[in-house]
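Structure, as structure tokens:
The values are calculated or read from the model by the stated rules, or taken from the named source; none is laboratory data. Since this is a predicted model, take the numbers as computed values, not measurements. Backbone-built Cβ (ideal geometry, glycine too); neighbour counts: all protein chains shown. The accessibility values were calculated without ligands, DNA or RNA, using every heavy atom of the protein model including side chains. Shrake-Rupley method; radii C 1.70, N 1.55, O 1.52, S 1.80 Å.
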Amino acid sequence: IAFSVALFGFYEGIAMTLMPVWGVRVGLVPAMAAATISAIYFGSIAWQVPIGWLSDHISRFAVLRLCAVVAVIGAVLLPLMGAAPWPLMATLFGGGGITTALYPVVLSMLGDRFSGAELVAGNAAVIMIYGIGSLAGPALAGAAMDVWNPHGLTVLIALAFTALLVAAGRAKA
């Protein structure tokens with residue numbers, strides 16, 4: 001739960017701060033680069049109910065892994081989209097939207113495991129861990145973009161969610 005929440009904060013921090021920068025660097029006009037954030041969050045809105053339904057009907061770990069797989073695939077596809085606005089926006093809508101569904105799935109896992117005062121304490125810990133991830137994400141992604149401009153950002157996202165896949169594969173449901 002903690003690693004997943006940190007990774008969600010990491011991803012969301014990157015999406016909110018550096019996705020438009022990445023967009024400009026791959027050749028999008030500034031308005032379309034700024035729209036990358038909207039594509040991710042419109043996707044997030046659209047995917048909440050289907051992903052929530054799925055996490056209520058199959059293993060939450062399976063849904064967690066699904067979100068991580070989609071994040072890796074989306075991160076790998078982004079450089080291939082380049083400045084083609086509509087395929088890029090569709091990838092961000094689908095991939096980014098499903099990736100952000102990770103957070104409510106993790107909150108459901110927290111609710112499955114704890115109740116009462118333990119749930120309150122767990123939620124407080126989740127908020128702190130999210131903050132740490134959201135602070136680290138943009139800094140690390142900015143450094144990755146300096147190393148490999150601009151695709152270091154997408155490589156970092158793919159590596160981070162691959163680490164989640166490995167961790168989720170080892171965790172007990």
Quick check on the chain: helices-only [θ] at 222 nm, where DSSP H runs of length 4 and up contribute -39,500 (n - 2.57) each and the sum goes over total residues. Nearest 500, please. -28500 deg cm²/dmol
Expressed in square angstrom to the nearest 10, the accessible area of ASP146 with a 1.4 Å probe stands at 120 Å²
Going residue by residue through region 55-68, the Karplus relation 6.51 cos²θ - 1.76 cosθ + 1.60 with θ = phi - 60° gives ³J(HN,Hα) values, rounded to whole Hz and with x marking Gly or Pro, of 5, 7, 10, 10, 4, 4, 5, 5, 5, 4, 5, 4, 4, 5
At the level of C-alpha centres, the distance separating region 134-173 and region 35-89, in angstrom, is 15 Å
Using only the alpha-carbon atoms of the chain, report the extent along each of the three principal axes, biggest first, to the nearest angstrom. 50, 30, 27
Sorted peptide list for 162-170, 150-158, criterion being average Cβ within 10 angstrom, highest first: 150-158, 162-170
Region 1-66 pair-distance distribution - Cα-Cα, 5 Å bins, rounded %: 4, 16, 17, 21, 17, 12, 8, 5, 1
To the nearest 10 square angstrom, what accessible area does PHE8 show with a 1.4 Å probe? 10 Å²
So, over other residues within a Cβ distance under 13 Å of ALA141, counting Lys, Arg +1 and Asp, Glu -1, the net charge is -1
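Of all the Cα-Cα pairs you can form in region 52-96, what percent are over 17 Å apart?
Distances greater than 17 Å cover 40 percent of the Cα pairs.
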Kindly write out, for region 122-136 in residue order, the coupling ³J(HN,Hα) from the Karplus curve 6.51 cos²θ - 1.76 cosθ + 1.60 (θ = phi - 60°), rounded to whole Hz, with x marking Gly and Pro. x, 5, 4, 5, 4, 5, 5, 5, 4, x, 4, x, 6, 7, 6
Which of rounded, prolate, oblate describes region 69-146, given a ≥ b ≥ c as roots of the alpha-carbon gyration tensor eigenvalues and a/c under 1.5 marking rounded, otherwise prolate only if a/b is larger than b/c? oblate
Compare ARG25, ARG113, ARG65 in a GNM of the chain, Cα atoms joined below 10 Å, and give the one with the largest fluctuation. ARG113
